[in-house]
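The values are calculated or read from the model by the stated rules, or taken from the named source; none is laboratory data. A quick note: this is a predicted structure, and the numbers were derived from the prediction, not measured. Here the Cβ is made from the backbone with ideal geometry for all residues, glycine too, and neighbour counts use every protein chain on show.
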Amino acid sequence: MAKIVILTGSPHNPGTSKTLADAFEKGARENNNQIYRYDAGLQGADNPHFLQLKKTAGMEVGIPDNDLVEKEVLPKLLDADVVVLVGSMYYFGINAQLKAVIDRFYDYNHELKDKHSVILMTAYGTQEDMAAIKLHMQLLQKYMRWPSLGDVYADDSWNSDKLQKHAQEAYEIGHQIH
């Protein structure tokens, strides 16, 4: 049994990246893996990832006292065997909500090294359009020393038949993890 953390970033519910995340999670749960999922894109104004601090000298942002990422997400990540990053492409890169959580890894880089990873990304465009996001994710995996258990870059995700094919790929990756 593996401890898996799924981090999603899309603010669309339901949406194409949620379809991939749900399929992966279903496959992983069938093997009794322990799953924690954080949907960063659905947190809203009550649970911001950062706060702009106006009266703190020398700081651009601060961490709110009720910060769910610090109190819950990062401890789960530190304990995880597998990290799954799920998002959608916005202007050839990952969406801001997921990026805000990934940027919080910085203080824990050493402790987060040597886990396994899965990348699930959607785009309404082509595989060529996804070149920058693929490179970014591959460099992140390499830097963090997170060998991939399988990645899905779901192009043309507006096409429901093609999206279902990609969802099946995500399910199979999740199902192979024990």
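Here are the numbers for the structure shown:
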quantity	calculated
Condition met for D129 (in a loop (DSSP other than H, G, I, E, B), in contact (Cβ under 8 Å) with a residue 40 or more places away in the chain and either surrounded by fewer than 18 Cβ atoms within 10 Å (Cβ to Cβ) or touching a Pro at 6+ places or on another chain (Cβ under 6 Å) (or both))	yes
Test: residue in the stretch 121-133 that is at pLDDT 95 or above and under 26 Å from E30 (Cβ atoms)	no
Yes/no for A28 being crowded, with 24+ Cβ neighbours inside 10 Å, out of contact with any strand residue (DSSP E or B) (no Cβ under 7 Å at 6 or more places or on another chain) and of a type outside the set (S, T, N, Q)	no
Qualifying residues in the stretch 80-98 (those that are surrounded by fewer than 17 Cβ atoms within 10 Å (Cβ to Cβ) and not hydroxyl-bearing (S, T, Y)) - the one nearest to I6 (Cα to Cα)	D81
Yes/no for G174 being modelled with pLDDT of 95 or more, at positive phi and in contact with a helix residue (DSSP H, G or I) (Cβ under 6 Å, 6 or more places away or on another chain)	no
Sole exception among (1) in contact with a helix residue (DSSP H, G or I) (Cβ under 9 Å, 6 or more places away or on another chain); (2) under 27 Å from N33 (Cβ atoms) for D79, by number	(1)
All positions within the stretch 110-126 that are surrounded by 15 or more Cβ atoms within 10 Å (Cβ to Cβ) and not in a loop (DSSP other than H, G, I, E, B)	L112, H116, S117, V118, I119, L120, M121, T122
Residue check, L139 more than 13 Å from the chain's Cα centre (by Cα) and surrounded by fewer than 13 Cβ atoms within 10 Å (Cβ to Cβ)	yes
Filter result (over 20 Å from K18 (Cβ atoms) and assigned to a helix (DSSP H, G or I)) within the stretch 132-150	A132, K134, L135, H136, Q138, L139, L140, Q141, K142, Y143, M144
Condition check for K162: in contact (Cβ under 8 Å) with a residue 12 or more places away in the chain, among the basic types (K, R) and part of a helix (DSSP H, G or I)	no
Residue list for the stretch 75-89, filter: modelled with pLDDT of 95 or more and either hydroxyl-bearing (S, T, Y) or in a helix (DSSP H, G or I) (or both)	P75, K76, L77, L78, D79
Cβ-Cβ under 7 Å pairs, at least 6 apart or on other chains, the stretch 144-159 side polar (S, T, N, Q), far side surrounded by fewer than 17 Cβ atoms within 10 Å (Cβ to Cβ)	S157/Y124
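Residue-by-condition table, conditions (1) in contact with an Asp or Glu (Cβ under 7 Å, 6 or more places away or on another chain); (2) β-branched (V, I, T):
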site	(1), (2)
N109	no, no
D114	no, no
V118	yes, yes
Q127	yes, no
S157	no, no
Q164	no, no
